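Right, one structure below, let's go through it.
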Amino acid sequence: MDLVRLRGVGKRYGAGPWVLEGVDLRVAANEVVAITGTNGSGKSTLLRILVGLSRPSAGEVLARPASVGYVPERFPAKERMTAIAYLRHMGRVRGLSTSESDAGAHALLDRLALVGGATTPLRALSKGNAQKVALAQALLPRPKLLVLDEPWSGLDVSAHGVLAELLAEVAGDGGAVVFTDHRESVVRATASAAYRIDGGRLGAWRDGGQVATVDLVAAAEREQVDWPGLPGVLRADHGVGSVMVVVEGKHCDELLVTAIRSGWSVAGVRRAAPSAGEVR
Amino acid sequence: MTALVRYVLLDSLQSQRYFPPVALYLVAAMVLTSSGEDAVAPLFALTAAALLVCSTWLTVAVHNSEDPVQRAITAVNAGSPRRVLLAGIVVALGSSAVLGLFGLAYPLLVVGHAAPLTLLAGLEAELLSAFVGVAIGTVCCRLVVPRIGYAVICAVVGLVIAGLSPWLPLVHPAFQLLVRDAPPAELAGSMLPLLACGALVLVGCGAVTEAVARRRG
């Protein structure tokens, strides 16, 4: 089922040039979609249309869930309000009770390790910590659609892992995530589908980011297989009695058949490239 | 909506931008009513005129309190940008009404007595000023006029047109009725259609602001 559906969406400001043109996008539940593109390519405009802040000048938004979380690229916290008070208010605006809101906010801020604690005024937070508050408000309560603009760039490195976990939780809970980033490594590690905006048009990113990582475990009686020689295989990393093969998405099934016939057991298949920590 | 109004109110209070217009209003209301007048109706006209100016300023302060990016987050959480605008109007109108009550009570305290219908007319005049002030302040907020310098010019032009045009069925005829100290029954009765016009102007200005913000967004 599509949680989000845009058809022929275009955007221009006044009589200016088209910032976006003919964008068709469908995002299903459990999907994590990356949108890449250079600065000023229309990424942020597309996100503003996705969350309902901006109305398309052409085309239409056919589907959008009621519960949407939005994390902008920067969070300009100039307020005296404390982080916890701000989150409490935002939670209540989204229909939570005060106690639910407080509990959820504390849990999120603990996970994100907000420096200075929940009672720090927003204006006293550093850029990275303000971004954590921005992330927390979008997840309070957990939305059906989470939209993030360059979420990794503002956040401290220590919170990157938590961010990836949070995105996976939203997608795993039947929601959808759409984020922008310009780094290939991030897109490969996180997204289940990826698109590229160029000159206001949305196109596939490589093969739609369709790379699969296959973890294979050796059975007792196995044949030797020349993994890198198989069609579509980008890389094969051998471990002790196991192998991790990165393969183009369209050749994934073929690889699995070959592996099973040769006496290997499939331990896992992911529609994503391996994260940096797994590369041996 | 209640949670949103609470947030907008608290945010406006914490920004302290409300302070200059509120202080100006309180001082103006006290100075203007210390002329030794023994009829209360003309004093209501003076406090209502002060309220018109100050509620315009206060409204701009409320709408411009949040940074645009933060306002975008609030709008997504509230479900639409329109709701945030509406909450701002509710907060501005509520605060202006409270100031209006002061503008009603203080002259009463100075003069010491008033016919109930005169008091009603005074209340209607204060409300009318609040409606028109919030209306002008709303179309002069950042959503329509992004630069504060131009916003001040627009607000002054709006206030001059609304306050000094005898042909506009808004605050000017109301102030004149009060200054003339017309009979209480006539006062209270003549204010009602003006009050309705004021409410219409507020709805119209809110709709214009929403339309402009949507076009820009």
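The values are calculated or read from the model by the stated rules, or taken from the named source; none is laboratory data. These figures come from a predicted structure and were not determined experimentally. In this analysis, Cβ positions are derived from the backbone assuming ideal geometry, glycine residues included, and neighbour counts consider all displayed protein chains.
Residues in the range A:143-151: is at least one in contact (Cβ under 8 Å) with a residue 24 or more places away in the chain, within 14 Å of chain B (Cβ to nearest Cβ) and more than 14 Å from the chain's Cα centre (by Cα)?
no
With respect to B:Ala92, determine if the residue is more than 10 Å from every other protein chain (Cβ to nearest Cβ) and within 19 Å of B:Gln14 (Cβ to Cβ).
Taking the combined requirement at face value, the residue satisfies it.
If we scan the range A:36-46, do we find a residue that is closer than 28 Å to A:Arg271 by Cα, within 14 Å of chain B (Cβ to nearest Cβ), aliphatic (A, V, I, L, M) and crowded, with 23+ Cβ neighbours inside 10 Å?
Scanning the range A:36-46 turns up at least one residue that is closer than 28 Å to A:Arg271 by Cα, within 14 Å of chain B (Cβ to nearest Cβ), aliphatic (A, V, I, L, M) and crowded, with 23+ Cβ neighbours inside 10 Å.
Name the single residue, out of those in the range B:1-57 being part of a helix (DSSP H, G or I) and aromatic (Phe, Trp, Tyr), that is farthest from A:Gly91 (Cα to Cα).
Only one residue fits best here, namely B:Phe44.
Out of curiosity, is A:Ala189 in the same structural domain as A:Pro56 (by TED's automatic domain parsing), at pLDDT below 85 and either over 30 Å from A:Glu21 (Cα atoms) or out of contact with any Phe, Trp or Tyr (no Cβ under 8 Å at 6 or more places or on another chain) (or both)?
Yes: the conditions hold for A:Ala189.
From the list A:Ala219, A:Ala204, which one is under 22 Å from A:Asn39 (Cβ atoms) and surrounded by fewer than 21 Cβ atoms within 10 Å (Cβ to Cβ)?
A:Ala204
Given the condition farther than 29 Å from A:Ser54 by Cα, among the basic types (Lys, Arg) and either modelled with pLDDT of 95 or more or in a helix (DSSP H, G or I) (or both), answer yes or no: does some residue in the range A:107-115 qualify?
Yes, the range A:107-115 has at least one match.
Taking the residues in the range B:76-86 that are at the interface with chain A (Cβ under 7 Å from one of its Cβ atoms) and either surrounded by 24 or more Cβ atoms within 10 Å (Cβ to Cβ) or not hydrophobic (A, V, I, L, M, F, W, C) (or both) as candidates, determine which candidate is nearest to B:Ala151 (Cα to Cα).
B:Pro81
Out of all the residues in the range A:59-70, is one or more surrounded by 15 or more Cβ atoms within 10 Å (Cβ to Cβ), within 14 Å of chain B (Cβ to nearest Cβ), farther than 17 Å from A:Gly174 by Cα and not hydroxyl-bearing (Ser, Thr, Tyr)?
yes
Just wondering, is there one or more residues in the range A:166-179 that are touching a helix residue (DSSP H, G or I) at 6+ places or on another chain (Cβ under 9 Å), more than 24 Å from A:Leu25 (Cα to Cα), surrounded by 18 or more Cβ atoms within 10 Å (Cβ to Cβ) and touching a residue at least 40 places away in the same chain (Cβ under 8 Å)?
no
Based on what the data block shows, is B:Ala135 touching a residue at least 60 places away in the same chain (Cβ under 8 Å), hydrophobic (A, V, I, L, M, F, W, C) and either within 26 Å of B:Val84 (Cβ to Cβ) or not in a helix (DSSP H, G or I) (or both)?
Here the answer is yes, as B:Ala135 does meet what is asked.
Taking the range A:84-104 as the search range and keeping residues that are of a type in the set (A, V, I, L, M) and within 13 Å of chain B (Cβ to nearest Cβ), which one is surrounded by the most Cβ atoms within 10 Å (Cβ to Cβ)?
Applying the filter and picking the extreme gives A:Val93.
Among all residue pairs at least 6 apart or on different chains, which show Cβ distances below 6 Å where the first residue, located in the range B:15-38, is modelled with pLDDT under 90 and the second is in a loop (DSSP other than H, G, I, E, B) and buried (at least 18 other Cβ atoms within 10 Å of the Cβ)?
B:Ser15/B:Ser65
Among the numbered conditions (1) closer than 20 Å to B:Arg71 by Cβ; (2) in the same structural domain as A:Leu166 (by TED's automatic domain parsing); (3) surrounded by 22 or more Cβ atoms within 10 Å (Cβ to Cβ); (4) more than 20 Å from the chain's Cα centre (by Cα), tell me where A:Leu50 comes up short.
So A:Leu50 meets the others, but not (4).
Taking the range A:105-142 as the search range and keeping residues that are surrounded by fewer than 19 Cβ atoms within 10 Å (Cβ to Cβ) and within 12 Å of another protein chain (Cβ to nearest Cβ), which one is farthest from A:Asp156 (Cα to Cα)?
Filtering the range A:105-142 for residues that are surrounded by fewer than 19 Cβ atoms within 10 Å (Cβ to Cβ) and within 12 Å of another protein chain (Cβ to nearest Cβ), the one farthest from A:Asp156 (Cα to Cα) comes out as A:Pro141.
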